[in-house]
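The values are calculated or read from the model by the stated rules, or taken from the named source; none is laboratory data. Quick caveat, the model's predicted, so the values are computed rather than measured. All Cβ positions, glycine included, derive from the backbone under ideal geometry; neighbour counts span all protein chains shown. Heavy atoms of the whole protein, side chains included, go into the accessibility calculation; ligands, DNA and RNA do not. Shrake-Rupley method; radii C 1.70, N 1.55, O 1.52, S 1.80 Å.
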Amino acid sequence: MPDSEKKICQNCHKDFIIEPEDFKFYQKISVPPPTWCPECRMVRRMNFRNERTLYNRKCDLCKKEIISMYDKNHIAPVYCYDCWHSDKWNPMDYGNEYDLKITFFEQIKNLVQKVPCLALEGYKNTNATYSNFTWLSKNVYLSPSTLSSENVAYSKAIYYARDIFESYRFNYSELAYEGINGQKNSRVKFLQNSYECLDSYFLYDCVNCQNCFMSSNLRHQKYVFRNKKLAKEEYEQKMREIDFGSYEQIVDLIKEYESAKLSSVRKFIDSKNVTNVTGDSITNSKNSIQCFNIEKCEDVKYFFQGLEIKDGMDLTGAGGPAEILYEGVNVGYQDTNILFCLNSYIGCIELKYDNQCSNSQYIFGCVGLRNKQYCILNKQYAKEEYETLVPKIIKHMNDMPYIDQ
Ligand SMILES: [Zn+2]
Ligand SMILES: [Zn+2]
């Protein structure tokens, strides 16, 4: 295994280290080591994920008024969900022959500027017109990164949950308001870094608690009021005195909660059931280094937000089950071996430099493909032709590398 190596980031010109296990991963997926530092790579990926700036515009095919993450001056056509998924257009009509005289990135840029974009990133939703990056969900409003959930509003990163308002990363939960980082909670308001709690309010770092109020650092407790254990009747009497319908009372309680949080014992990381991890907000994961907001992951690094990924590096938004992912934004579901791709999921295998592709295998530098194999720049090849041309393109990219200005 090679030793660690110090490099200078091409973008910010600061030092960064490539660790021996990073080299091992790059060798496994046959890519050269990165020339940008992890932070610049993350910023670069985030530029490709506009979750919350939405526009009114028309669908360029059916001309209906729609909500989109692209404004009306966007260079490529923008189609609504139904039009984009219809047979009224064919992404292969935009296909090009690979040209060895110009760089690969100029060629992919040409394609990206012509192929119709999907107005909002999402898949199989019902009544989620105003929610971007939302999948398999129902009744979702302004809640990006919602997956398999129902009745969600003003939230972010909600998975497998229902009736969730104004919450962040509150998963496998129901009937929650103002939750931050939690799982398996039910009938709760104002909970942070808390798991498996029921009928509780204003809790910080609590696990498996029931009927608790304005308390911190509790484990397996019932009827704790302002961090004091009470008899059931006493607790219920005190709770009857609180009027959750009173705005003034709620404002005072929020102030009290914020100050109580400051005097609570702080765990060095918000995590549950993890082994060998660094970062924050990590649950049910192992060997996850510099990861934030991940669930059920293994052998991942430099990963912000996602779940069920094995063997991945440099990811911003990835939802599995999936494995071997590198430099991806919004990739994952049933994917294997996906490198340098955006918005490509559902049964994709061996994709490189693709955008908005699904159910496709062995495709390189393509945009908007569905159910395709062996395509390059949206042009169909025979298997043997594809297997001959891809190494030539990779050699061309190595001979003519992209250098930052
Ligand atoms: Zn940098
Ligand atoms: Zn349309």
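When the residues of the stretch 50-68 are filtered to those that are open to solvent by 30 Å² or more (accessible area, probe 1.4 Å) and in contact (Cβ under 8 Å) with a residue 60 or more places away in the chain, the one that is nearest to ligand 2 (Cβ to nearest atom) is L54.
Modelled with pLDDT of 95 or more, part of a helix (DSSP H, G or I) and of a type outside the set (D, E, K, R): is that true of L203 in this structure? No: the conditions fail for L203. The strands (runs of 3 or more DSSP E) falling completely within the stretch 321-405 that include 3 or more residues that are modelled with pLDDT of 95 or more and open to solvent by 20 Å² or more (accessible area, probe 1.4 Å) map to 336-344, 349-352.
Against the conditions (1) exposed (fewer than 13 other Cβ atoms within 10 Å of the Cβ); (2) within 16 Å of ligand 1 (Cβ to nearest atom), T35 satisfies every one except (1).
Scan the stretch 351-405 for residues that are out of contact with any helix residue (DSSP H, G or I) (no Cβ under 7 Å at 6 or more places or on another chain) and among the hydroxyl-bearing types (S, T, Y) and the total you get is 4.
Would you check if there is a residue in the stretch 219-226 being in a strand (DSSP E or B), closer than 20 Å to Y177 by Cα and in contact (Cβ under 8 Å) with a residue 60 or more places away in the chain? Within the stretch 219-226, not a single residue is in a strand (DSSP E or B), closer than 20 Å to Y177 by Cα and in contact (Cβ under 8 Å) with a residue 60 or more places away in the chain.
Of everything in the stretch 124-150 that is of a type in the set (S, T, N, Q), part of a loop (DSSP other than H, G, I, E, B) and open to solvent by 40 Å² or more (accessible area, probe 1.4 Å), the residue that is farthest from R49 (Cα to Cα) is N127. Considering only the stretch 238-255, I want to know if a residue exists there that is part of a strand (DSSP E or B), in the same structural domain as E166 (by TED's automatic domain parsing) and open to solvent by 70 Å² or more (accessible area, probe 1.4 Å). Scanning the stretch 238-255 turns up no residue that is part of a strand (DSSP E or B), in the same structural domain as E166 (by TED's automatic domain parsing) and open to solvent by 70 Å² or more (accessible area, probe 1.4 Å).
On the basis of being more than 16 Å from ligand 1 (Cβ to nearest atom), outside the structural domain of I324 (by TED's automatic domain parsing), open to solvent by 20 Å² or more (accessible area, probe 1.4 Å) and more than 19 Å from C341 (Cα to Cα), does K72 make the cut?
Against the criterion (more than 16 Å from ligand 1 (Cβ to nearest atom), outside the structural domain of I324 (by TED's automatic domain parsing), open to solvent by 20 Å² or more (accessible area, probe 1.4 Å) and more than 19 Å from C341 (Cα to Cα)), K72 qualifies.
Within the stretch 260-289, the set of residues being touching a Gly at 6+ places or on another chain (Cβ under 9 Å) and surrounded by fewer than 17 Cβ atoms within 10 Å (Cβ to Cβ) comprises just one member, I269. For the stretch 91-105, the candidate set comprises residues that are surrounded by 12 or more Cβ atoms within 10 Å (Cβ to Cβ) and either of a type outside the set (A, V, I, L, M, F, W, C) or modelled with pLDDT of 95 or more (or both); within that set, the residue that is nearest to ligand 2 (Cβ to nearest atom) is P91. When every residue of the stretch 71-89 is checked against the conditions, at least one turns out to be in contact (Cβ under 8 Å) with a residue 24 or more places away in the chain, more than 30 Å from K156 (Cβ to Cβ), among the basic types (K, R) and within 16 Å of ligand 2 (Cβ to nearest atom).
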